[in-house]
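Taking it in order: structure first as structure tokens, then the write-up.
The values are calculated or read from the model by the stated rules, or taken from the named source; none is laboratory data. Note that the coordinates shown come from a computational prediction; the quantities given were computed from them, not determined experimentally. For neighbour counting, all protein chains shown are included, and Cβ atoms are generated from backbone atoms with ideal geometry for every residue, glycine included. Accessible surface is based on the protein model in full, side chains and every heavy atom, while ligands, DNA and RNA are left aside. Shrake-Rupley method; radii C 1.70, N 1.55, O 1.52, S 1.80 Å.
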Amino acid sequence: MIVRPAESDADLDAWRRVRMAVLPEERALTVEEMRRAATSTSLYLLAELDDRVVGAGIGGRSDLAGQGTH
């Protein structure tokens with residue numbers, strides 16, 4: 001499996017399709033809305049297996065900064 005950033009419009013559309021499949025009762029942002037909502041600390045991710053999208057997620061900064069360093 002490969003996990004990579006969703007960067008192109010096609011990638012973001014694939015990300016949306018995963019979300020809509022998992023949460024069919026919830027509204028999914030359009031690709032344009034996703035681009036506007038993106039920040040420098042957030043990252044849309046796609047998981048691919050055998051060149052097929054099999055999952056999606058979001059990465060970002062932790063709210064628990066410094067708590068894992070003991």
Handout entry: Selection within the stretch 36-49 - closer than 25 Å to S62 by Cα and at pLDDT 95 or above
Key = Y44, L45, L46, A47, E48
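Condition first: touching a helix residue (DSSP H, G or I) at 6+ places or on another chain (Cβ under 7 Å) and either of a type in the set (D, E) or not in a helix (DSSP H, G or I) (or both). Can you find one or more residues in the stretch 59-66 that meet it? Give the steps one after another, and end with the answer.
The initial filter retains those residues of the stretch 59-66 that are touching a helix residue (DSSP H, G or I) at 6+ places or on another chain (Cβ under 7 Å), namely none.
Scanning the stretch 59-66, I find no residue that is touching a helix residue (DSSP H, G or I) at 6+ places or on another chain (Cβ under 7 Å) and either of a type in the set (D, E) or not in a helix (DSSP H, G or I) (or both), so the answer is no.
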Handout entry: Answer from R4, R17, R36, R27 - the residue that is part of a strand (DSSP E or B), open to solvent by 50 Å² or more (accessible area, probe 1.4 Å) and either of a type in the set (D, E, K, R) or without any contact (Cβ under 8 Å) to a residue 24 or more places away in the chain (or both)
Key = R4
Handout entry: Subset of the stretch 39-62 [free of Cβ contacts under 8 Å to residues at least 12 places away in the same chain and either on the phi > 0 side of the Ramachandran plot or open to solvent by less than 50 Å² (accessible area, probe 1.4 Å) (or both)]
Key = D50, D51
